[in-house]
1. Pairs please, first residue from segment 125-152 and under 19 Å from A12 (Cβ atoms), second anywhere and loosely packed, with under 10 Cβ neighbours inside 10 Å and at pLDDT 80 or above, Cβ atoms under 8 Å, 6+ apart in sequence or on different chains.
2. Could you grab the pairs with beta carbons closer than 8 Å, sequence gap of 6+ or different chains, first residue in segment 40-53 and farther than 20 Å from F95 by Cβ, second one of a type in the set (V, I, T) and modelled with pLDDT of 80 or more?
3. Condition first: more than 21 Å from A31 (Cα to Cα), surrounded by 15 or more Cβ atoms within 10 Å (Cβ to Cβ) and modelled with pLDDT under 85. Can you find one or more residues in segment 108-127 that meet it?
4. What tally of residues in segment 6-25 results from selecting those that are out of contact with any Cys (no Cβ under 8 Å at 6 or more places or on another chain) and within 19 Å of A86 (Cα to Cα)?
5. For F68, are the conditions met, namely being of a type in the set (F, W, Y) and either modelled with pLDDT of 90 or more or closer than 22 Å to T11 by Cβ (or both)?
6. Read through the list (1) at pLDDT 75 or above; (2) assigned to a loop (DSSP other than H, G, I, E, B), then give the number of the only condition that N146 fails.
Amino acid sequence: MIWSSNKYVATAVISLSIWLVANILNTLLFAIIITAGGPGDEPGIVGFVMLCSALFSLPGLVFFWVLFISNCRKPGLFQLLLITSAAVSFLSVMFFFLYLAISFGADSGMWMIILPVIAAVAATVVHRKAIENVMITQNEKYPSKNSYSLET
């Protein structure tokens, strides 16, 4: 496959897939909580959550992808990306809640900060096999300089 042999394409596809899955999971989690809260304008709120989740997480996607592409041959890549996805999603949601608090005076619901972090970590865990496949493919393609050659 062309996408697994080219690290730029492979890391971009996996990063976008993680971003999409995280946004969908985040929207589903918010939709469950909003609909459990009672009657109201659930479809409008869920659409707002999906739009804001996608927009506010774009800088995190770029940062995630840069780390992914720059470390795709290093051991411990999955752990690094897992920590990165949790940290970046936490920062994105904090920025979003600060934006809401400053713009609209909305200060309730701060406990919901955990939902996007759970969604981002779950999306990264779901893609573990693909992340490891990129790491293995890149290590096979470009062997480590520390390995000894069998040729004389």
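The values are calculated or read from the model by the stated rules, or taken from the named source; none is laboratory data. None of these values were measured; they are calculated from a predicted model. Note that we place each Cβ from the backbone using ideal geometry, even for glycine, and neighbour counts take in every protein chain shown.
1. none
2. What qualifies is V46/T27.
3. No.
4. Residues in segment 6-25 being out of contact with any Cys (no Cβ under 8 Å at 6 or more places or on another chain) and within 19 Å of A86 (Cα to Cα): 13 in total.
5. Numbers: of a type in the set (F, W, Y): yes; either modelled with pLDDT of 90 or more or closer than 22 Å to T11 by Cβ (or both): yes.
Against the criterion (of a type in the set (F, W, Y) and either modelled with pLDDT of 90 or more or closer than 22 Å to T11 by Cβ (or both)), F68 qualifies.
6. Exception for N146: condition (1).
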